[in-house]
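Below is one structure, written out as structure tokens; the observations come after it.
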Amino acid sequence: MAIEENLEYQMTQEGYDKLVEELEHYKKIKRPEVIEKIKVARSFGDLSENSEYDAAKDEQGFIEQKILEMEQMIRYAKIIEIDDKSNTIRLGHTVTYVELPDGVEESYKIVGSAEANPFEYKISNESPVAQALLGKEVGDVVKVSLPTGPEDSMDIKIIKVK
């Protein structure tokens, strides 16, 4: 993995803490587990035809790559301070909006790409919706380009920012 100059991972303090916790889990739990799997698989004999050994080595490679990625994110993390008093949407804010003309109300927290998880209602600041919302305020109507094509878009009205 090449290290880029001026690399920066924007994230909330919550996202940073969760990443540090996940890294510790990989180092203290997952890494030793896969090392043990490799030891057991080696005991089965001939490594050239040992699928358990191959699978464990593949898993080890995945875990080591994941550890390197998390270490890099932590090293180049930029913690974003959340301004709860601001009405202008920024990274770290939870935004409630409604799709016009008659959509349902939805709420998402805008976070850095390293901590985005739509299942937890956290969207990346690089997503089309977040890009359209950043810098806007309650009451603004925003046009969001959809990934289906440049001519496709939706209008959303910002209801609440916290």
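No value in this document is a laboratory result; all are computed from the given coordinates. Every value quoted in this text rests on a predicted model; they were computed, and no experiment measured them. Neighbour counts are summed over all protein chains in view; Cβ atoms, including those assigned to glycine, are modelled from backbone coordinates with ideal geometry.
At-a-glance table
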| item | result |
| --- | --- |
| Test: residue in the range 8-20 that is in a helix (DSSP H, G or I), of a type outside the set (A, V, I, L, M, F, W, C) and closer than 30 Å to Met154 by Cα | yes |
| Unmet requirement for Val95, which otherwise passes all of (1) among the β-branched types (Val, Ile, Thr); (2) surrounded by fewer than 14 Cβ atoms within 10 Å (Cβ to Cβ); (3) outside any helix (DSSP H, G or I) | (2) |
| From Lys30, Lys39, residue being over 23 Å from Lys109 (Cβ atoms), free of Cβ contacts under 8 Å to residues at least 60 places away in the same chain, exposed (fewer than 15 other Cβ atoms within 10 Å of the Cβ) and among the charged types (D, E, K, R) | Lys39 |
| Considering residues of the range 98-117 that are among the hydroxyl-bearing types (Ser, Thr, Tyr) and over 26 Å from Gln72 (Cα atoms) only, the residue surrounded by the most Cβ atoms within 10 Å (Cβ to Cβ) | Tyr108 |
| Strands (runs of 3 or more DSSP E) wholly inside the range 118-161 that include at least 3 residues being touching a residue at least 12 places away in the same chain (Cβ under 8 Å), out of contact with any Phe, Trp or Tyr (no Cβ under 9 Å at 6 or more places or on another chain) and surrounded by 11 or more Cβ atoms within 10 Å (Cβ to Cβ) | 141-145, 153-161 |
